[in-house]
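For reference, the structure discussed in these notes is given below.
The values are calculated or read from the model by the stated rules, or taken from the named source; none is laboratory data. Here the structure is a predicted model, which is why all the values come from computation and not from measurement. Backbone-built Cβ (ideal geometry, glycine too); neighbour counts: all protein chains shown. These area figures cover heavy atoms from the full protein model, side chains too; ligands, DNA and RNA do not enter into them. Shrake-Rupley method; radii C 1.70, N 1.55, O 1.52, S 1.80 Å.
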Amino acid sequence: GKTTATIKELSDKMERAAEELRFEEAAAWRDRVDVLKAYQAGYSLVSFRDEDRDVFALVREGDTAVLCVILVRGGRLAETKTFTLENVGVSDEELLESGIQQFYEGQREIPPEILTQKDLENASMLEAGLSAKRGSSVTLHAPQRGSKARLIAIAELNARHAFAGSYSQDAGWS
């Protein structure tokens, strides 16, 4: 519903960066706009390879946080989920690690690759547990550039929009 406004906002940032001769930054904004336009058009290809991965991003303000999870299956955006968490009393890293563990409880499919915003201290322990449950190797990775980093950026953007959408200045949290 808010995709058009987000595309406009990102396009403005892209144009501003280009005008200020920050071409790498402008290209990153352009890539985000392209993904959102494709999503808006119902075309959900995020990779030309037949890849499965999940993308986790966390946005936090005070003791309230939003966790966004993007599920990519067969190289296509399969699903996006957001979870609002209130009265959070742990670090962002602990929250992200706990969120990953809880997300895969039950019968949820575990992909071979999980992307996060930053490297996690307990990544090897999480990888071992998830690999055992999946029955084959699972890797946690915090990409810094490229298409995987752009997926992280999109998940962060989704989390920010969910965060902003759950708060009204007059009514407080809904």
Those residues of region 94-108 which are loosely packed, with under 15 Cβ neighbours inside 10 Å and in contact (Cβ under 8 Å) with a residue 12 or more places away in the chain, in sequence order
Gln101
Tell me which of these Thr82 doesn't satisfy, since it passes every other one: (1) at pLDDT 85 or above; (2) loosely packed, with under 12 Cβ neighbours inside 10 Å; (3) out of contact with any Asp or Glu (no Cβ under 8 Å at 6 or more places or on another chain).
(2)
Which one of Leu58, Leu45, Leu21, Leu36 is at pLDDT 85 or above and open to solvent by less than 90 Å² (accessible area, probe 1.4 Å)?
Leu58
I'm checking my understanding of the structure. Among residues of region 1-12 that are farther than 9 Å from Arg32 by Cβ and modelled with pLDDT of 85 or more, which one is least open to solvent (accessible area, probe 1.4 Å)?
Ser11
Can Ser131 be described as of a type in the set (Gly, Ala, Ser), more than 19 Å from Ile70 (Cβ to Cβ), assigned to a loop (DSSP other than H, G, I, E, B) and at pLDDT 95 or above?
no
For region 111-125, give me each residue that is at pLDDT 95 or above and within 16 Å of the chain's Cα centre (by Cα).
Pro111, Glu113, Ile114, Leu115, Thr116
Test for Ala123: is it small (Gly, Ala, Ser) and touching a strand residue (DSSP E or B) at 6+ places or on another chain (Cβ under 7 Å):
yes
Residues Thr80, Thr84: which one is in contact (Cβ under 8 Å) with a residue 40 or more places away in the chain, under 25 Å from Lys37 (Cβ atoms) and among the polar types (S, T, N, Q)?
Thr80
